[in-house]
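Participant: Here you go, one structure.
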Amino acid sequence: MQTPVEHHGPVEIFNSPEVSKVKRIVALFVAVIAFAAMAANAADSKTINGWISDSMCGAKHAGSGAECVKKCISGGMQPVFVDEGKKQVWTIDNPDAVKTFYGDHVTVKASADTDKKSVHIDSIEAAK
């Protein structure tokens, strides 16, 4: 007489200790990758002082002309960031982030795309 062969159903196999260990390892791996991606993104952000101006006047009104900046933006121009040190003009890819700072001297934490000459504002406050 033959000994009966023990069969495991699919539910039993996926609830085994070995599979649970693999699931934990995969979950830990995914968490590590996610945190590494967030850290890399945060590492790309830099704190920069400058002014929020408009795309027509650019650096001309850096430090003065807040009323002109507000008028130009309300007339359809886009807000831009003017770097304090080099007076370089950068487009802002998330312009809603700066809408209460038109014409102001600001400190931003931003990541830059040098190829497109644009910045993504992560945070903004009045410069001290």
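Only the coordinates and a few stated rules stand behind these numbers; no lab work does. Because the structure is predicted, anything quoted here is derived from the model rather than measured.
Participant: Which length gain, in nm to one decimal place, applies between V22 and A127 when the Cα-Cα distance is subtracted from 0.36 nm times their residue separation?
Facilitator: Answer, rounded to one decimal: 32.8 nm.
Participant: Right, next: Write down the Kirkwood hydrodynamic radius of the stretch 46-126, to one decimal in angstroms, obtained as one divided by the mean of 1/r over all alpha carbon pairs.
Facilitator: 12.0 Å
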